[in-house]
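This report concerns only the one structure given below.
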Amino acid sequence: VFYKNGTSQGTAFTGLSGKGIIPALNNGASATSEPYTANFGQRPFSYTPPSGFKALNTQNLPEPSIKKPSSYMDAVLWTGDGVNGRVITTNIETVDFAWVKKRSGADDHRLANTVTGGNKHLKANTTEAESTSTTIIQAFSGSTFTVGSDNAVNASGGTYVGWVWKESATPGFDIVTYTGNGTNRTIAHSLGVAPSMIIAKGRTNTDNWPVGHTSRGWDRHILLNSSAAEAVTSSTWNNTAPTSSVFTVGTDTRINQNGITYVAYLWSEVAGFSKFGSYTGNGSADGPFVFCGFRPRWLMIKRTSSSDNWAIFDTARSDSGGGNVIDKHLRPDTAQDEQDPGGSPATQFDILSNGFKAREANGQNNATGGTYIFAAYAESPFAYARAR
């Protein structure tokens, strides 16, 4: 229904549905006529809007369930001092999972959690079994975690990033451990909704890291420690989508070898806080825009249709100087130091108030026709976010 000067003009269209409906204005005048001015609630309306209608602006978006995303997921930076027992402080209420990477030099990604123990870690870019060390990630305590003196986490003068999560159903993150039995089976989780992404690793064997992602279906997997394209196989997730209470594993030894102990990280989507999806590249500096419903803090990308590296971006390491550009990234499948593509423009993505937009044509993030999966976490919900 259209209204003019507070009076209904009757029904204009019926049967409109779906996404991508774009309003257009035209008064039949030449292009040199006065421009239109739209009022989306930034100033009082001349006429009272009809009952039940609201202005089209972020103030009228639903209240997000997580108003302060950094209480549940955070990206923190530090410069190493070489001291064993260095305490790293975060904004999170309780740190349950820490993923640490050296930025200034080549070294392995180190992952530790409170379920298997703070002094135990796995390396995201290798097939190695779990290691116990007193010089890597040592312990977790409330909003902090403690690192040792190892070059991977705290070499004097080295620069580091830590990505941390709180485990609970509220932010949609669960850590599950289990022992493989070699047969198709279900494993319980505590998210209360179906997970959107699962990353699993054998703790006591030498093998790969299978990743399942809701946008690609559960008849296939990608490997976290590899640049390879996705592989279609029913033996990983048994071609069965997870439910609100369980996820399914098949007979693949990477995820369910008899007698091997495993850890699985499960993430579910929370509106205004996290998003798991896919997009298709267009090979242009004017790349695709991906709606998340929030301004991202952390973004992980992987091309699934062809071989290419994973990439993790975050606004803590941004070169933008307060702008929208992020280009520095780390690659979970390699021990490489931080990559900074530079160039003109020195841009991989624009981080916007409600999502992200590819700004460079390359295979890793935006090849023509390439299929990409992503996981994103919020810096600010869309209702509160502002583009820089």
Problem - MRE, 222 nm, helices only [DSSP H, n ≥ 4, -39500 (n - 2.57), over the chain, to nearest 500] - result: -500 deg cm²/dmol
Practice task
Arrange the peptides 154-161, 8-15 so that the one whose residues have, on average, the most other Cβ atoms within 10 Å appears first.
Solution key: 154-161, 8-15
Exercise for the section: Starting from the amide H of Phe349, placed 1.01 Å from N in the peptide plane, find each other amide H under 5 Å away whose residue is 5 or more places distant or on another chain. Expected result: Ile326, Arg359
Problem - Solvent exposure of the chain as accessible area per residue, Å², 1.4 Å probe - result: 43 Å²
Practice task
Arrange the peptides 297-304, 274-281 so that the one whose residues have, on average, the most other Cβ atoms within 10 Å appears first.
Solution key: 297-304, 274-281
Problem - Karplus (6.51, -1.76, 1.60) ³J(HN,Hα), θ = phi - 60°, over the stretch 205-217, in Hz, Gly and Pro reported as x - result: 9, 9, 6, 7, 9, x, 10, x, 9, 4, 6, 9, x
Handout entry: Calculated from backbone phi, Karplus (6.51, -1.76, 1.60) coupling profile of the stretch 102-115 in Hz, x at Gly/Pro
Key = 6, 8, 8, x, 6, 6, 6, 6, 10, 10, 9, 8, 7, 6
Practice task
Rank by packing, highest mean first: peptides 216-223, 87-94, with packing defined as the count of other Cβ atoms within 10 Å averaged across residues.
Solution key: 216-223, 87-94
Exercise for the section: Could you check the simple spin-label distance between Lys67 and Ser278, using points 7 Å along Cα→Cβ, in nm with one decimal? Expected result: 3.7 nm
Problem - Candidate lysines for bridging to Lys201, where Cα separation is under 20 Å - those fewer than 8 sequence places away on the same chain excluded - result: Lys101, Lys120, Lys123, Lys166, Lys302
Completion exercise
On the accessible surface of the stretch 218-364, probed at 1.4 Å with all protein chains in place, carbon and sulfur together account for a percent value of 43 percent
Practice task
State, to one decimal in nm, how far the label point of Ser234 lies from the label point of Ser168, with both points 7 Å from Cα in the Cβ direction.
Solution key: 4.1 nm
Handout entry: the stretch 212-318, relative contact order [Cα under 8 Å, separation at least 6], %
Key = 23 percent
Practice task
Give the cross-link partners of Lys54 among the lysines, using a straight C-alpha distance below 29 Å as the criterion and excluding same-chain residues fewer than 8 apart.
Solution key: Lys4, Lys19, Lys67, Lys68, Lys275, Lys357
Handout entry: Per-residue ³J(HN,Hα) for the stretch 252-266, Karplus 6.51 cos²θ - 1.76 cosθ + 1.60, θ = phi - 60°, Hz, x for Gly and Pro
Key = 4, 5, 5, 9, 7, 6, 4, x, 8, 8, 10, 10, 10, 9, 10
Handout entry: Environment charge at Trp267 (Cβ cut-off 11 Å; Lys +1, Arg +1, Asp -1, Glu -1)
Key = -2
Practice task
Set the Förster radius R0 to 41 Å, insert the Cβ-Cβ distance between Ser51 and Phe289 as r into 1/(1 + (r/R0)^6), and round the FRET efficiency to 0.05.
Solution key: 0.75
Completion exercise
The relative contact order of the chain, taking Cα pairs under 8 Å that sit 6 or more residues apart, comes to a percentage of 16 percent
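The values are calculated or read from the model by the stated rules, or taken from the named source; none is laboratory data. Bear in mind the structure is a predicted one, so any value in this text is a computation, not a measurement. Every residue, glycine among them, receives a Cβ derived from its backbone with ideal geometry; neighbour counts consider all protein chains shown. Heavy atoms of the whole protein, side chains included, go into the accessibility calculation; ligands, DNA and RNA do not. Shrake-Rupley method; radii C 1.70, N 1.55, O 1.52, S 1.80 Å.
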